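Working notes for the structure below.
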Amino acid sequence: MQSMRRIFWIARITFLEAVRQRLFSFLLLLGAALAGSSVAFRFLNFGQGELKFVADFGFGIMFLFGSLLAVVMMAQLLFAELDNRTAMTLLAKPLGRSEFLLGKFLGVWAVMAVFVLLLCAVLGAVLLSRASELAALAEEAGRTAPVVDGGGLVVFAVLQWLRLGVVSAMTLLVSAGARTFLFSVVAGMLAVLGGQLQWLAQDLLAKDDAGVFQRSLAWFATRAVPNLQQFNIGDALVLDPASVPPGAPSAAILSGFLHLTAFVVIACALFRRREI
Amino acid sequence: MTSAVSIRGLTKDFAVGIRGLKLRAVDDLSIEIPRGQVYGLLGPNGCGKSTTLKIVLGLVKPTSGSTSILGDDAASAEARRRTGFLPEAPYFHRFLSGRELVGYCARLSGVREDDIRASVDRALELASMTAAADRPVGTYSKGMLQRIGLAQAVVHDPELIILDEPTAGVDPVGSAAIGRMISAMRSEGRTVVLCSHLLGQVEQVCDRVAIMDRGRLVLEGSVEEVLARRDRHLLEVRGLTPAAEAAAREALERNGALLGEVSHPRRSLEELFRELVTGSKDA
């Protein structure tokens, strides 16, 4: 109980510090502005459905800005404590290193929740507004009106939050052992890129003509690197829930949660050995 | 009764560079710090004081040797629960008020939720920070930062308080105030370990001192013991004329003593400053 209380307080202060940062305000406002104005870019839809383009545009912005925010904020908030020696003051108290690190992670993940929630709210409003306009036009033309599934948007928000949690946890793992902030940010961004390209390893593993070394490497990559592409079912969840394979969201949530937990546990083990 | 801090055969090597060359920061250090005293740990920069403190606080693992706090292993949570620490040049979250900061530290130190308010008020009062407690930490002067640092170090009522350069960057008035706080802690029965470069202050407030150089202990003992020069004496004479001085010299020589030096006693710059600056005498 005492341990939970300490983790809560570290997370709370981390959250309060994070939301005061200019980077958070800047990316949140820019993301919200771009998501809000996504209808204005619909002429770039390359023949896709208009709502699908708006949804993809908004979800892409959310992932891009969210990943940047998760990586920079996680690394920055941890290194600020280490460099300013506030970590020294705190860890000289009966506060476990794992409690400290878990608190930092939860604080950043809470910031991600605010980010996803606000951007999803903006995007949901844009999609619903445009869908109602298109529905009126479709009714006049006697076509089927497009629908926006609110439940799907909620599931999507949860998946995005989890995806950004996985990104934060990967950066936490790197930062727990790294010596510099810059290294953590670069390695964190490379980890995000690796997660986006993880399907390449899956393809390699599925190939029969791959060598033993390649297959071993691919097998390791598919286990160690989370597949961030599996969270890319936003447009289907929101615009065409019937096309989402049953169990896909649950599988993504389970896999994401397992990776997140593993990264945080390994980060705690690494941080325990670190000299402050 | 066990010592407040017991350091036995402590050695710490740091690996330097890619080849992992070893740099010995602390070399076979053994110190026993008795309870209820103010203990000064002195030495030049790079002598291993801070590394020693970090090991005592469980922030760095020793290469060999052992440390204990009030009988518990120094790295244990129980030892840290009974210890308060003020680092050198402390930095705190600027957006928190002094009261919020001390409350936050109290919660991390295991103070019960029901007792937080009273503990925070008591610590703020001890550090003379009650009046500025509701201001954001970002608006504090250096001296106030040190004092709020002191408040967070004592908020959980620790038996041992470790202060690393508590008066660094603080003016003589603030420095004297911190010196009085340290004396107040001693009178409450707490043990204070003080790391400082201000030798004058250490001399004033410490009961015992240890001097380190290149990771080794070079001198340890009570302040009286280490500073007294048993082969010399000091006489304070008023109205000394040249004739009286010559007579005194002759009388001393007749009795086998040698008059070494005749000079005027000096007051310290700190005494002069406190005498001249308004309000300093009471600070």
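Between B:Ser64 and B:Arg216, what is the label-to-label distance in nm when each label sits 7 Å out along the Cα-to-Cβ direction?
Label-label distance for B:Ser64 and B:Arg216, simple model: 1.6 nm.
Could you work out, residue by residue across B:56-64, how many beta carbons of other chains sit within 10 Å of that residue's beta carbon, and then give the average as an integer? Numbers along the way, then the final one.
Numbers: counts 1, 6, 4, 8, 3, 2, 0, 0, 0.
Mean shielding by partner chains, rounded to a whole number: 3.
Which FRET efficiency value, to the nearest 0.05, do you get for B:Asp115 and B:Thr11 by plugging their Cβ-Cβ distance into 1/(1 + (r/R0)^6) with R0 = 41 Å? Write out the running numbers ahead of the final one.
Values: r = 40 Å, r/R0 = 0.98.
After rounding to 0.05, the efficiency reads 0.50.
Where is the GNM fluctuation largest for chain A (alpha-carbon springs, 10 angstrom cutoff): A:Val108, A:Val265, A:Val54?
A:Val265
Of B:Arg80, B:Arg254, B:Arg117, which has the largest mean-square fluctuation in a 10 Å C-alpha GNM of chain B?
Judging by the Gaussian network model, the answer is B:Arg254.
Counting alpha carbon pairs within less than 8 Å and at least 6 residues apart, what relative contact order, in whole percent, applies to chain A? Present the calculation step by step, with values, prior to reporting the outcome.
Values: 318 pairs, mean separation 69.6, N = 276.
Normalised by residue count, the contact order of chain A is 25 percent.
Report, please, the projected area of the stretch B:144-212 averaged over directions, based on the convex hull of its C-alpha atoms, in nm². Don't skip to the end; give the middle numbers.
Numbers: hull surface 18.0 nm².
That works out to 4.5 nm².
In Å and from the alpha-carbon atoms only, list the Rg and Dmax of the stretch A:2-272.
20.5, 71
What do the square roots of 5 times the Cα gyration tensor eigenvalues come to for chain B, in whole Å, largest first, as semi-axes of the equivalent ellipsoid?
Details: eigenvalues 301, 150, 57 Å².
Working from the Cα gyration tensor, I get semi-axes of 39, 27, 17 Å.
Provide a whole-number value for the mean count of partner chain Cβ atoms within 10 Å of the Cβ atoms in peptide A:82-90.
Details: counts 0, 1, 5, 6, 5, 1, 10, 12, 6.
Mean partner-chain Cβ count within 10 Å for A:82-90: 5.
Give me the 1.4 Å probe accessible area per residue for the protein assembly as shown, excluding ligands and nucleic acids, in Å².
Numbers: 27950 Å² over 559 residues.
Per residue, the protein assembly as shown has an accessible area of 50 Å².
Among A:129-135, B:51-57, B:62-68, A:119-125, how do they line up by average Cβ neighbours within 10 Å per residue, starting with the highest? Walk me through the numbers on the way to the answer.
Working: A:129-135: 15.6, B:51-57: 25.4, B:62-68: 17.3, A:119-125: 20.3.
Put in order of decreasing packing, that is B:51-57, A:119-125, B:62-68, A:129-135.
Using only Cα positions of the stretch B:133-283, each an equal point scatterer, no hydration layer, compute I(q)/I(0) via Debye at q = 0.12, 0.14, 0.19 Å⁻¹ and quote the log10 values to two decimals.
Taken in order of the listed q values, log10 I(q)/I(0) reads -0.73, -0.89, -1.24.
Between the stretch B:123-157 and the stretch A:204-276, how far is it from one alpha carbon centroid to the other, in angstrom?
Using only Cα atoms to place each centre, the spacing works out to 47 Å.
For n ≥ 4 DSSP H runs only, could you compute -39500 (n - 2.57) per run for chain A, divide by its residues and tell me the 222 nm figure to the nearest 500? Present the calculation step by step, with values, prior to reporting the outcome.
Values: 11 runs with 215 residues, N = 276.
Using -39500 (n - 2.57) per qualifying helix, the result is -26500 deg cm²/dmol.
Using mean Cβ contacts within 10 Å as the protection proxy, how do A:191-202, B:150-161 order, highest first? Walk me through the intermediate numbers first.
On the way: A:191-202: 17.2, B:150-161: 24.0.
Order by mean packing, descending: B:150-161, A:191-202.
Please give the peptides B:208-214, B:236-242, A:136-142 ranked by average Cβ packing (other Cβ atoms within 10 Å per residue), highest first, as a rough proxy for protection.
On the way: B:208-214: 19.4, B:236-242: 7.3, A:136-142: 9.9.
The packing order, highest mean first, is B:208-214, A:136-142, B:236-242.
If you scale each eigenvalue of the Cα gyration tensor by 5 and take the root, what three semi-axes come out for the protein assembly as shown, rounded to whole angstrom and sorted largest first? Write out the running numbers ahead of the final one.
Details: eigenvalues 812, 145, 70 Å².
For the protein assembly as shown, the semi-axes come out at 64, 27, 19 Å.
Taking every eigenvalue of the Cα gyration tensor of the stretch B:1-143, multiplying by 5 and rooting it, what semi-axes result, largest first, whole Å?
32, 20, 14
Return the tail of the calculated pair distribution for the stretch A:1-113, meaning the percent of Cα-Cα pairs more than 23 Å apart.
Numbers: 2707 of 6328 pairs.
Everything past 23 Å amounts to 43 percent.
If you build a Gaussian network model of chain B, linking Cα atoms that sit under 10 Å apart, which residue out of B:Leu198, B:Leu219, B:Leu252 swings the most?
Largest GNM mean-square fluctuation: B:Leu252.
Buried by at least 30 Å² relative to the chain on its own: which residues of the stretch A:5-21 qualify, computing accessible area with a 1.4 Å probe on protein heavy atoms?
Buried-area filter returns A:Arg5, A:Arg6, A:Trp9, A:Ile13, A:Glu17, A:Arg20.
Mind checking the mean number of beta-carbon atoms from other chains within 10 Å of the Cβ atoms in B:90-98? Don't skip to the answer; put the middle values down first.
Working: counts 5, 8, 3, 9, 2, 4, 3, 0, 0.
Other-chain Cβ atoms within 10 Å of each residue's Cβ, averaged: 4.
Return the calculated 222 nm mean residue ellipticity for chain B, to the nearest 500 deg cm²/dmol, obtained by summing -39500 (n - 2.57) across DSSP H runs with n ≥ 4 and dividing by the residue count.
Mean residue ellipticity at 222 nm (helix-derived): -10000 deg cm²/dmol.
The values are calculated or read from the model by the stated rules, or taken from the named source; none is laboratory data. Remember, predicted model here, so these are calculated numbers, not experimental data. We place every Cβ from the backbone using ideal geometry, glycine too, and count neighbours over all the protein chains shown. All accessible areas refer to the heavy atoms of the entire protein, side chains included, with ligands and DNA or RNA removed. Shrake-Rupley method; radii C 1.70, N 1.55, O 1.52, S 1.80 Å.
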